Amino acid sequence: MSPPTADPTTLARDLVRCPSVTPAEGGALALIEGVLKAAGFTVHRVTFAEPGTPPVENLYARIGDAGPRFVFAGHTDVVPPGEPAKWTHPPFAGDIAGGALYGRGAVDMKGAIACMLAAALEHVAARGGKPKGSIAFLITGDEESVAVNGTVKLLAWARERGESFDHCILGEPSNAAAIGDTIKIGRRGSLNGTLVVTGKQGHVAYPERADNPVRGLVALMAALMATPLDHGSAQFTASNLEFTSIDIGNPVVNLIPGEARARFNIRFNDCHSQTSLRMLIERHAAEAARERVRWRIDWEPSNADSFVTKPGPFLDLVCGAIKHATGKEPELSTTGGTSDARFIKDYCPVLEFGLVGQTMHQVDEHTAVADLATLTAVYRAILDRYFG
Ligand SMILES: [Zn+2]
C-alpha cells in the first residue's frame, strides 16, 4: 500500500469549513489528525489550560526518528468573521469561485497548513513512506487571541518528551502581493507601558494652590515622541514608540486633576532587549522631567522579544526553494506584528513563509487556488532539498 497523498485545495476548503474561532477547535485538528495518521505520522492531541483563560487544544505530530528534524508550525484558530451578512461567500462555507477559495482562515492560515500537509504527504510518499530524517507538525489553536495555551506550551511539552527540532517553517501569510515576494526572517518585539504623572488636585480658579499633571505629561510625551530609539540595524527598520491613549478621567470642568496617564506601545528591533529598552525610555523621561515632574512608568509584562534568523545555509535553502517554485527572489523582511515565531526561535531557527496576506482578517478573506498549488510546490521543494 502506498501512503496517501492529499490535494491542498480540498484540504484547505475542508479546514475553512471547521468554525475554529479561538478557542474553539471546530473540527480542524481532528481533520489534520486523520490526514497525518493515515500517512503514518504519530499524532498527539494536547489541551493546555491556565487560570483566567479558556483551555485550548493543540496538535503535535511526527514521522521518522532520525535527524535532521524539520518542523512545520501553524495555527488552526481564526479571528471572528464579524457580521456574516457582509460576506459575499459565507465565512465558513469554503466556497470556491472565480479561481479563489473564500472563507475565514483561507489565508491566515488554514490554506498554508493544507499546503504543508500536502507537501509533507507527497514528500513522504515519494520516499516510500519514510522520510530521510524526521518531519514534525506543531499546530496550535491559540494564536489569534492571547496565545498562552498554544505554541509556547506545546514547545515546552514537546521538549519534555525529548523532542527536538533543527529548523522550522511557520506558515503565516508572509507575502505582500504574490507568492515568493517576501519571506519573514524575524520580527520586532512589542512592549507596552503607561506613563503616569502625579500632580496636586485643586480648584481650576486657584491654579497656584494646585499642580496640574497635564503639563508634565505633555512635556514628557513630547520628549519621548521626539527622541529616536535607534536608527535601525542590518535587518530592521528603526524602533518606534507610539502613544495609544491619554487618560485623565476627569468628568468636571472646575477641577485640576491629581494624576494624568498616557499608554504607549513600542515595536522594537534587535538593538534592544526589553530591559535595555525600559532603561532607555526611563532615561529619556528623566531627562525631560528633570526635578520638575513627578512621574513613573508602569510596564506591562511582554513575551514578545525581537529576533532575527541570520543569513546562512537554511535561509539560502528556503530562498532557493522559493526561487525554484516561483521564479522570485524573496525580499527578507522583519516587518509586521508578532507571531508564534517569537516562541519557536528559542528552540530552533525559524523562517516564516505562507500565502499572500492581503485579505487576512478581512471580510471575504480569500486565496487564489493557484497560490495553494504554488505554496505546496515551495514547501515540497524545501523538504526535498532539506532531506536531499
Ligand atoms: Zn496567523
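The values are calculated or read from the model by the stated rules, or taken from the named source; none is laboratory data. Model, not experiment: these values are computed from the prediction. For neighbour counting, all protein chains shown are included, and Cβ atoms are generated from backbone atoms with ideal geometry for every residue, glycine included. Each accessible area value is taken on the protein alone, full model and side chains, heavy atoms only, with ligands, DNA and RNA left out. Shrake-Rupley method; radii C 1.70, N 1.55, O 1.52, S 1.80 Å.
The residues listed here are F314, F353; of these, the one that is open to solvent by less than 60 Å² (accessible area, probe 1.4 Å), within 16 Å of the ligand (Cβ to nearest atom) and within 27 Å of A373 (Cβ to Cβ) is F353.
Among the residues of region 211-232, those that are over 10 Å from V197 (Cβ atoms), modelled with pLDDT of 95 or more and in a loop (DSSP other than H, G, I, E, B) comprise P228, L229, D230, H231, G232. When V197 is tested against the conditions (1) without any contact (Cβ under 8 Å) to a residue 24 or more places away in the chain; (2) under 30 Å from E287 (Cα atoms), the lone failure is (1).
So which of P23, P81, P19 is within 16 Å of the ligand (Cβ to nearest atom), in contact (Cβ under 8 Å) with a residue 60 or more places away in the chain and either polar (S, T, N, Q) or closer than 24 Å to V369 by Cα (or both)? Talk me through it step by step, then tell me what you get.
Numbers: P23 fails: either polar (S, T, N, Q) or closer than 24 Å to V369 by Cα (or both); P19 fails: within 16 Å of the ligand (Cβ to nearest atom).
Answer to the selection: P81.
Looking only at region 223-262, count how many residues are surrounded by fewer than 17 Cβ atoms within 10 Å (Cβ to Cβ), closer than 18 Å to M279 by Cα and in contact (Cβ under 8 Å) with a residue 60 or more places away in the chain. Total satisfying the criteria: 1. Of everything listed in (1) within 16 Å of the ligand (Cβ to nearest atom); (2) buried (at least 19 other Cβ atoms within 10 Å of the Cβ); (3) under 15 Å from the mean Cα position of the chain (by Cα), the single unmet condition for F307 is (1). With respect to being outside any helix (DSSP H, G or I) and in contact with a helix residue (DSSP H, G or I) (Cβ under 8 Å, 6 or more places away or on another chain), I281 falls outside the description.
Within 23 Å of C319 (Cα to Cα), touching a Ser or Thr at 6+ places or on another chain (Cβ under 8 Å) and in contact (Cβ under 8 Å) with a residue 12 or more places away in the chain: which single residue out of I183, I135, I139 fits that description? I'd like the intermediate steps shown before the answer.
Working: I135 fails: touching a Ser or Thr at 6+ places or on another chain (Cβ under 8 Å); I139 fails: within 23 Å of C319 (Cα to Cα).
Residue meeting the stated conditions: I183.
Taken over region 330-350, the criterion of being more than 16 Å from the ligand (Cβ to nearest atom) and out of contact with any helix residue (DSSP H, G or I) (no Cβ under 6 Å at 6 or more places or on another chain) is satisfied by E331, L332, T334, K345, D346, C348. Restricting attention to region 360-373, does a residue exist that is closer than 19 Å to R69 by Cβ and either among the hydrophobic types (A, V, I, L, M, F, W, C) or in contact with a Cys (Cβ under 7 Å, 6 or more places away or on another chain) (or both)? Looking through region 360-373, none of the residues is closer than 19 Å to R69 by Cβ and either among the hydrophobic types (A, V, I, L, M, F, W, C) or in contact with a Cys (Cβ under 7 Å, 6 or more places away or on another chain) (or both).
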